Structure formats: structure tokens, C-alpha cells
Amino acid sequence: MLALVVDDSRAMRSILTRLMTNLGFDVAQAGDGAQAMAVLDAGARPDVILVDWNMPVMDGLTFIKQVRAREEFREIALMMVTTESEQGNIVRALAAGAHEYVVKPFTDEVIADKLNLLGLVPA
């Protein structure tokens with residue numbers, strides 16, 4: 001299974017990559033939404049994308065909307081992983097097409113539980 005981690009923080013990409021690798025995923029990384037779209041356009045088909053909200057170039061909400069607008073990406077599970085904790089932002093992200101929403105800081109168990117809810121726990 002493939003996960004794409006999208007975050008402008010190198011440290012957060014590293015943390016999420018380690019976590020997802022430990023859960024059995026292969027992991028690709030992108031530093032913002034535009035880089036992540038380039039990864040998808042190059043042919044990568046992740047099972048799940050963990051995306052930050054606040055990033056330069058293209059933020060996470062815009063990225064989610066662009067992914068959802070394209071038929072070939074509709075099956076990809078999207079998980080917002082962000083410091084944005086306001087209820088209104090959670091609603092906006094879910095309405096835009098995110099399947100799950102995790103507020104930083106998080107524990108490994110929270111991410112694993114969300115993946116389990118999505119049916120994405122590798123063997």
C-alpha cells in the first residue's frame with residue numbers, strides 16, 4: 001500500500017513517514033499541494049494521502065478540492081493532518097472531500113485508528 005505525506009514541515013513529513021512505514025505502507029512525500037499534484041500527475045496512486053492544511057504554493061484545502069475534482073483520483077482516501085482545530089475548518093475540510101481529520105499534535109494510535117476506519121490497515 002502507498003501513502004503520500006504532504007506537509008511543508010520536513011520534521012512532520014519525517015514523523016508521518018516513519019509512522020506510515022511502521023504500519024506497513026510505502027511512503028512518498030511532497031512539500032506542498034502543488035508538489036503532491038505533480039506526484040499524482042506522474043502516475044502515483046496512493047491508497048491514502050495525509051495532507052496538512054497550512055502550506056505555501058497550494059494549501060491542503062485547495063489540494064483536496066483539486067483531487068476531488070478529478071475522476072481518476074476519486075478512490076484515494078484523504079486525511080487532513082493539521083493544527084487547524086476550529087469546528088468550522090473541520091466541516092470545510094470534510095465537505096471538500098476529506099475522509100478523516102486529525103488535529104496536531106497526534107499519537108500514532110490516532111492515525112492508526114483513522115486508517116482502520118478507512119479500511120486501510122495493511123496486513
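Does any residue of the stretch 55-62 turn out to be β-branched (Val, Ile, Thr), more than 10 Å from the chain's Cα centre (by Cα), under 17 Å from Ala96 (Cβ atoms) and surrounded by fewer than 18 Cβ atoms within 10 Å (Cβ to Cβ)? So that I can check it myself, show each step before the final result.
Let us first name the residues in the stretch 55-62 that are β-branched (Val, Ile, Thr), namely 57, 62.
Subset that is more than 10 Å from the chain's Cα centre (by Cα): 57, 62.
Narrowing the set further to residues that are under 17 Å from Ala96 (Cβ atoms) leaves 62.
From what's left, surrounded by fewer than 18 Cβ atoms within 10 Å (Cβ to Cβ): 62.
Yes, the stretch 55-62 has at least one match.
Given the condition out of contact with any Asp or Glu (no Cβ under 8 Å at 6 or more places or on another chain), of a type in the set (D, E, K, R) and in contact (Cβ under 8 Å) with a residue 12 or more places away in the chain, answer yes or no: does some residue in the stretch 49-58 qualify?
Within the stretch 49-58, none of the residues are out of contact with any Asp or Glu (no Cβ under 8 Å at 6 or more places or on another chain), of a type in the set (D, E, K, R) and in contact (Cβ under 8 Å) with a residue 12 or more places away in the chain.
Does Glu86 meet the test of being exposed (fewer than 12 other Cβ atoms within 10 Å of the Cβ) and within 15 Å of Leu50 (Cα to Cα)?
no
I want to confirm something. Restricting to the stretch 1-44 and keeping residues that are among the basic types (Lys, Arg) and over 13 Å from the mean Cα position of the chain (by Cα), which single residue is surrounded by the most Cβ atoms within 10 Å (Cβ to Cβ)?
Restricting attention to the stretch 1-44, the residues satisfying the condition of being among the basic types (Lys, Arg) are 10, 13, 18.
Right, trim to over 13 Å from the mean Cα position of the chain (by Cα) and you get 10, 18.
Details: Arg10: 10, Arg18: 12.
For the stretch 1-44, the residue satisfying everything is Arg18.
Okay, residues lined up against (1) assigned to a loop (DSSP other than H, G, I, E, B); (2) in contact with a His (Cβ under 7 Å, 6 or more places away or on another chain); (3) of a type in the set (A, V, I, L, M, F, W, C):
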site	(1), (2), (3)
Met37	no, no, yes
Arg45	yes, no, no
Thr62	no, no, no
Tyr101	no, no, no
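If the Cβ limit is 7 Å and pairs must be 6+ apart or interchain, which residue in the stretch 94-123 that is in contact (Cβ under 8 Å) with a residue 24 or more places away in the chain pairs with which residue that is of a type in the set (Ser, Thr, Tyr) and surrounded by 14 or more Cβ atoms within 10 Å (Cβ to Cβ)?
As it stands, the answer is Lys104/Thr82, since those pairs meet every condition given.
For Met79, indicate whether it is in contact with an Asp or Glu (Cβ under 7 Å, 6 or more places away or on another chain) and at pLDDT below 95.
On the way: in contact with an Asp or Glu (Cβ under 7 Å, 6 or more places away or on another chain): yes; at pLDDT below 95: no.
Considered against the rule, which asks whether it is in contact with an Asp or Glu (Cβ under 7 Å, 6 or more places away or on another chain) and at pLDDT below 95, Met79 comes out as no.
List, please: which pairs have Cβ atoms under 6 Å, are six or more places apart or on different chains, and start with a residue in the stretch 18-41 that is in contact (Cβ under 8 Å) with a residue 40 or more places away in the chain and end with one that is surrounded by fewer than 17 Cβ atoms within 10 Å (Cβ to Cβ) and not hydrophobic (A, V, I, L, M, F, W, C)?
Here the result reads Leu19/Asp108; Gly24/Pro122, each pair linking the stretch 18-41 to a residue that is surrounded by fewer than 17 Cβ atoms within 10 Å (Cβ to Cβ) and not hydrophobic (A, V, I, L, M, F, W, C).
What residue, among those in the stretch 15-53 that are modelled with pLDDT of 95 or more, of a type in the set (Gly, Ala, Ser) and in contact with a strand residue (DSSP E or B) (Cβ under 9 Å, 6 or more places away or on another chain), is nearest to Glu75 (Cα to Cα)?
Residue satisfying both the conditions and the ranking: Ala36.
The values are calculated or read from the model by the stated rules, or taken from the named source; none is laboratory data. In this text, all values refer to a predicted model and were calculated from it rather than measured experimentally. Don't worry about glycine lacking a Cβ; one is built from the backbone with ideal geometry, like all the others, and counts go over all protein chains shown.
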